[in-house]
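A short write-up of the structure that comes next.
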Amino acid sequence: MSDSPAGGLDALQEHLFRIPEQEFNALVQELEQRRLNEARANKIALIMRFLRPRLAILKPRRRMTLLRMMCTPFEDILYNPGSPRKAIGKIPRNALKSVWDLLVENADANRLRQFEEQLAAMPMEEQTKDAMLEFGREFWQFCAYALRGVIVVAEGSTRLRRELIDKMGDDNHFASLKEVVSMLEVAEPIMTLRDNLSQGPIDVVSNRDLDAIISAFTAVNAQGPNYQECVIYVILARLADMASITDVFQRIDDAGAGSVITHVSDTAAQAMVSQIEDQIKDMDDDIEVAPDRETLARQAGDYVGTLAGAAKAIGQTGSRQQSRRVGQVRGELADKVRLNVLQEGDEATAALLTTLLAASFSDFDDDDDPAAEQEMLEKMQDRIVSLRVAERYADDIGLGGEVEQRLADIETGLSKRADKLLGTLNIGSNRSKAEADLNSTVRLLELIAGPESADELRLKGLRLLDGE
């Protein structure tokens with residue numbers, strides 16, 4: 001085991017995954033009880049951070065805290081972006097501390113302490129869903145009132161707004177604050193929606209889901225149409241394909257409830273584009289960790305698929321501005337694919353083709369390094385496969401011609417290798433070595449030109465080896 005800090009942390013996380021489930025749940029409860037001691041809170045928080053991956057899998061019952069209670073209504077839209085940023089309709093977890101600090105600083109300290117004491121005195125077995133909802137009704141409104149006051153003051157002048165943004169850390173945290181407050185102001189109908197909506201990812205919205213969605217829109221409209229965005233954000237978070245939200249809107253209209261969704265199309269379009277932009281930023285992280293170009297090409301294909309679905313949905317909303325943004329995102333994605341999937345392999349591909357064409361095949365000498373040859377052939381195979389994967393979606397992002405040209409260049413080079421190989425095969429060739437060269441060339445030709453060309457090469461080569 002490594003003595004480095006990173007090695008130690010990896011070992012700790014591995015150990016935490018080996019703890020039996022019952023003991024793990026007991027550990028979580030004990031840690032959360034100890035976290036109530038302010039002197040231990042920071043150390044316990046660090047330990048809980050390492051527990052999070054397994055917490056997400058097991059979902060043990062956990063002691064409620066005021067911070068977690070505040071976050072419950074918008075739990076669906078919390079996320080962990082790979083870099084400092086924020087998508088519309090998503091709240092980065094790293095913004096929560098600055099939001100909580102604002103609450104502590106600006107809310108009634110005595111009432112906040114009373115909430116904390118009330119929650120701490122409640123045994124875990126009494127922290128039922130109904131009990132927490134009853135507690136939350138007053139607490140969420142208390143939080144919303146205090147934080148809305150902060151926003152109102154800050155929006156009073158450019159200077160005060162800038163001061164608040166600097167205090168929170170950045171513009172993303174300030175934008176998160178505004179979405180947090182909106183969610184808290186309609187926390188009760190949002191909680192009802194969260195309880196009645198199917199757990200995500202939702203492939204097909206059921207009639208029961210639709211009823212819950214209509215009820216949520218109706219409830220938030222009583223406080224103002226601007227709160228419709230809160231319902232939209234929860235729906236988008238639960239859907240397997242967020243582009244299908246336009247089908248949900250159509251079904252609401254077909255059900256005779258179209259009047260409850262008067263402000264949804266543009267809001268949904270903005271959120272979809274923003275969240276796709278946010279996801280594509282993660283492609284930079286994918287590039288860093290992808291084991292090969294094929295994996296990266298497939299990951300890029302997932303992004304293209306998401307983008308295509310969103311583009312269709314946004315087209316149905318009639319939003320020209322968001323359609324233009326989709327076009328910009330498509331261009332950014334094309335640039336990433338061009339650079340990291342296509343151009344990144346060009347130099348290596350040229351070198352591989354040069355080496356493959358330089359083979360003499362004169363005597364099929366067994367002294368050649370078979371491991372080196374195998375590695376070379378595998379690299380060429382990986383390159384062809386990655387280009388074939390990219391070919392499936394290249395037209396959608398304007399790269400069809402660039403992928404086609406690269407495949408054509410490889411096919412030309414491999415065809416020359418095949419012709420050269422056939423010119424040297426005969427009955428006197430070293431059979432095992434000659435067949436190995438033939439089979440590897442056949443495999444590459446099959447990937448690039450198809451099974452018919454490959455089979456033709458294989459049969460010609462075998463006839464030459466048999467002296468026919």
**Study point:** Convex hull projection area averaged over all views, the range 114-263, Cα basis, nm²
**Key:** 11.1
Check your understanding: So what does log10 I(q)/I(0) come out to for the range 169-250 at q = 0.23, 0.26 Å⁻¹, using the Debye formula with one equal point on every Cα and no solvent?
Key -> -1.09, -1.27
Point to revise | Unsatisfied cross-links (Cα-Cα over 18 Å) in the set Lys97/Lys178; Lys178/Lys281; Lys178/Lys312 | key: Lys178/Lys281; Lys178/Lys312
Revision key, fill the gap. Of all C-alpha pairs within the range 182-321, those more than 20 angstrom apart amount in percent to 50
Review point. Which whole-number percentage describes the relative contact order of the range 176-237, with Cα contacts under 8 Å and a sequence gap of 6 or more?
Key: 38
**Study point:** Computed E for Lys167/Asp382 - FRET, C-beta separation, R0 51 angstrom, nearest 0.05
**Key:** 0.50
Practice item. Using only Cα atoms, tell me the angle between helix 96-106 and the longest principal axis of the chain; keep it within 0 to 90° and round to the nearest 10. Key: 20
Revision key, fill the gap. The simple spin-label model distance between Glu105 and Glu138, using points 7 Å out along Cα→Cβ, in nm, is 2.7
Check your understanding: Can you give the angle from 0 to 90° between the axis of helix 129-154 and the longest principal axis of the chain, with both taken from C-alpha atoms, to the nearest 10?
Key -> 90
Point to revise | Ser323-Arg298 FRET efficiency (beta carbon distance; Förster radius 22 Å; 0.05 resolution) | key: 0.25
Practice item. Specify the angular offset, from 0 to 90 degrees and rounded to the nearest 10, of the alpha carbon long axis of helix 21-34 from the longest principal axis of the alpha carbons in the chain. Key: 40
Study note, to complete from the structure: Looking only at lysines whose Cα falls under 20 Å of Lys416's and that sit 8 or more positions away or on another chain, we get Lys379, Lys433, Lys460
Practice item. Using packing as a proxy for protection, rank 274-280, 249-255, 339-345, 227-233 so that the peptide with the highest average count of other Cβ atoms within 10 Å comes first. Key: 227-233, 274-280, 339-345, 249-255
Point to revise | Among Ala120, Leu177, Leu51 the positive-end extreme of the charge dipole of the chain (Cβ point charges) | key: Ala120
Revision key, fill the gap. Rounded to the nearest 0.05, FRET efficiency between Arg148 and Glu21 (Cβ-Cβ, R0 30 Å) equals 0.10
Review point. Pulled fully out, how much extra length does the chain show between Lys420 and Leu67, if you take 0.36 nm times their separation in residues and subtract their Cα-Cα distance?
Key: 119.9 nm
Point to revise | Placed amide H near Tyr79: partners under 5 Å, 5+ positions off or other chain | key: Ile91, Arg93
Check your understanding: Given a cut-off of under 8 Å on Cα pairs at least six residues apart, what relative contact order in percent is computed for the chain?
Key -> 11
Point to revise | Length released on extending from Tyr79 to Thr262, taking residue separation times 0.36 nm less the Cα-Cα span | key: 63.1 nm
Check your understanding: When the scattering of the range 351-465 is computed by the Debye formula from its Cα atoms alone, each counted once and equally, what is log10 I(q)/I(0) at q = 0.11 Å⁻¹?
Key -> -0.37
Practice item. For Gln279 paired with Ser206, estimate the spin-label separation in nm (one decimal), with each label point 7 Å from Cα along the Cα-to-Cβ line. Key: 2.5
Practice item. Find the eigenvalues of the gyration tensor of the Cα atoms of the chain, then list the square roots of 5 times those eigenvalues as equivalent ellipsoid semi-axes, largest first, in whole angstrom. Key: 57, 28, 20
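None of the figures in this text is laboratory data; all of them are computed from the coordinates on show. Bear in mind that the values here come from a model prediction, so they are computed numbers and not experimental data. Don't worry about glycine lacking a Cβ; one is built from the backbone with ideal geometry, like all the others, and counts go over all protein chains shown.
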